[in-house]
Amino acid sequence: MLIVTAVLRAKPGKEKQLETQLLGMLKPVGQEEGTLEYRFHRAQEDAGCFFFYEKYRDQAAFDAHVVTPHFRKLQTEIADLLACPMEVGLYDELGSIRA
């Protein structure tokens, strides 16, 4: 299992546009075979800071995700909305709990 985190920061005045574009990813990513979890968040104290928590079956599923047409299209569409490059982290899950 592979955990991916991504932090995206909007340029000032572009927060809502970026949020709308990112929300549009939920449905198509949810239909990808190897995606187990895909959660989208906004920081409480910074409306321009967005966070994804993603869980993939394996590295191959993540590799497939980043070459999908919807992911590539998103990258093009949000390029001018980002204040800085997206920060991506890759993790191995060591434990969890469910509420």
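The values are calculated or read from the model by the stated rules, or taken from the named source; none is laboratory data. Quick caveat, the model's predicted, so the values are computed rather than measured. Cβ placement follows ideal geometry from the backbone for every residue including glycine, while neighbour counts extend to all protein chains displayed. These accessible areas exclude ligands, DNA and RNA; they are computed on the full protein's heavy atoms, side chains included. Shrake-Rupley method; radii C 1.70, N 1.55, O 1.52, S 1.80 Å.
Taking region 14-65 as the range and being more than 15 Å from residue 3 (Cα to Cα), assigned to a strand (DSSP E or B) and open to solvent by less than 30 Å² (accessible area, probe 1.4 Å) as the test, the residues that pass are 48, 49, 50.
The residues in region 56-71 that are acidic (Asp, Glu) and touching a residue at least 24 places away in the same chain (Cβ under 8 Å) can be counted, and the count is 1. Checking each residue in region 90-99 for being assigned to a strand (DSSP E or B) and of a type in the set (Ser, Thr, Tyr) picks out only 91. Taking the criterion of being outside any helix (DSSP H, G or I), open to solvent by 50 Å² or more (accessible area, probe 1.4 Å) and either among the charged types (D, E, K, R) or in contact with a strand residue (DSSP E or B) (Cβ under 6 Å, 6 or more places away or on another chain) (or both), the residues of region 66-89 that qualify are 83, 86, 87, 88. When 53, 91 are screened for being modelled with pLDDT of 95 or more, of a type in the set (Phe, Trp, Tyr) and in contact with an Asp or Glu (Cβ under 9 Å, 6 or more places away or on another chain), only 53 passes.
Filtering region 1-13 to residues that are farther than 26 Å from residue 96 by Cα and not in a strand (DSSP E or B) leaves 11, 12, 13. Among the residues of this structure, residue 56 counts as one that is in contact with a Phe, Trp or Tyr (Cβ under 9 Å, 6 or more places away or on another chain) and more than 13 Å from residue 21 (Cβ to Cβ).
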